[in-house]
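S.K.: Sharing a structure with you now.
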Amino acid sequence: MQTDHLYLNDAYQVACRAIVSHVSKEGLLLDQTVFYPQGGGQAGDSGWLTLKGGSRLRITESRKAGEAFPDKNAVLHIPALGQTPLVQRIKPGDEVCANIDWQRRYRHMRLHTAAHMVCAVLPYSVNGCSITAEYARLDVVTSDPLSRERIETALAAMVEAAHPVTVETISDEALQANPELVRTMSVYPPMGCGQVRLVNIKDTDLQPCGGTHVANTREVGAVSVSKIEKTSASTRRVVLALEWPKAE
């Protein structure tokens, strides 16, 4: 059974009804989910599965199921420790309500969009990134000195401009014909299904991405460059932080 990844079409969907398709010591698979699995530099979602009767199973991590499962791209919902008796009550075919930790997800969305905005400011390839609820980190390939003030000023202008952020698709062939769209060196967009997902920040940035984003740059809000450091002769690290609200 293939999992329906609802977050790809609506990053603002917080909850969904789902049917349990697999239960193991590693975690649970559902027929559809709002949980984003760790990948592409973005942390996986956490949240809860509410069972029939009202019991809540805390999910601390979500990631791709991998080769050990029939659908390797399914989302594996990993329960917090100490919940074995509750997990043992769950059987394939049970209905649950999957609910993400929205405040944490929304910070991921804001920081991930901010990271794409940095790509518009710094015209370099990216050879590493990490999107968490606390920060966004980009490693850009350059030996040039970077200006914290220039980056922050440019980001503030993009937030003020309120650029729409939309999801589009491009064919495998079109992407191969336009390799400049791919900014990341460490993670190449998955191909082979005919279409590749693009995130388009109007008049600002366009690149393949499977992550979750806000719908408008204004939602990113106040963002600062908390660190710029040289990590190698050819790489500079830029770390972003949100000014509001602070992560719990």
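S.K.: Considering every pair of different Cα atoms, what Kirkwood radius, in Å, is found for the chain?
M.R.: Values: mean 1/r = 0.0524 Å⁻¹.
About 19.1 Å for the chain.
S.K.: Determine the sum of side-chain charges near H163: Lys and Arg each +1, Asp and Glu each -1, restricted to other residues whose C-beta is under 11 angstrom from that of H163.
M.R.: Within the 11 Å Cβ shell, the charges total -2.
S.K.: Give me the net charge for the shell around V196: Cβ to Cβ below 13 angstrom, other residues only, Lys and Arg +1, Asp and Glu -1.
M.R.: Taking every other residue near V196 into account, the sum is -2.
S.K.: Which ³J(HN,Hα) values in Hz, rounded to whole numbers, follow from the phi angles of segment 198-210 under the Karplus curve 6.51 cos²θ - 1.76 cosθ + 1.60, where θ = phi - 60° and Gly and Pro get x?
M.R.: 10, 10, 10, 9, 3, 6, 10, 7, 9, 7, x, 6, x
S.K.: Which value, in debye to the nearest 20, describes the size of the charge dipole of the chain about its Cα centre when Lys and Arg Cβ atoms bear +1, Asp and Glu Cβ atoms bear -1, and nothing else is charged? Intermediate results must be reported in sequence, preceding the final value.
M.R.: Details: 26 positive and 27 negative charges, 149 e Å.
In total the dipole reaches around 720 debye.
S.K.: Beyond 25 Å between alpha-carbons counts as too far, so tell me which of K25/K52; K64/K230; K202/K227; K25/K72 fall in that bin. Let's see the in-between values first.
M.R.: Working: K25/K52 21 Å; K64/K230 32 Å; K202/K227 27 Å; K25/K72 16 Å.
Check vs 25 Å cut-off fails for K64/K230; K202/K227.
S.K.: Name the trypsin sites (Lys or Arg not before Pro) in segment 141-186 that are in a loop by DSSP and that have at most 16 other C-beta atoms within 10 Å, would you?
M.R.: For trypsin sites (Lys or Arg not before Pro) across segment 141-186 that sit outside H, G, I, E and B with at most 16 neighbouring Cβ atoms in 10 Å, the list is empty.
S.K.: Sticking with this one: Before rounding to the nearest 500, sum -39500 (n - 2.57) across all DSSP H runs of length at least 4 in the chain and divide by the residue total; then give [θ] at 222 nm in deg cm²/dmol.
M.R.: -5500 deg cm²/dmol
S.K.: Using Cα pairs under 8 angstrom and six or more residues apart, how large is the relative contact order of the chain, in percent?
M.R.: It comes to 19 percent, rounded to a whole number.
S.K.: Then there is this: Count the net charge of all other residues whose Cβ sits under 10 Å from the Cβ of G39, scoring Lys and Arg as +1 and Asp and Glu as -1. Let's see the in-between values first.
M.R.: On the way: positive: R63, K64; negative: none.
So the surrounding residues net to +2.
Just so you know, all these numbers are worked out from the coordinates, no wet-lab data involved. Being a predicted model, the structure only gives us computed values, none of them experimental. As a convention, Cβ positions derive from the backbone with ideal geometry for all residues, glycine included, and neighbour counts pool all protein chains shown.
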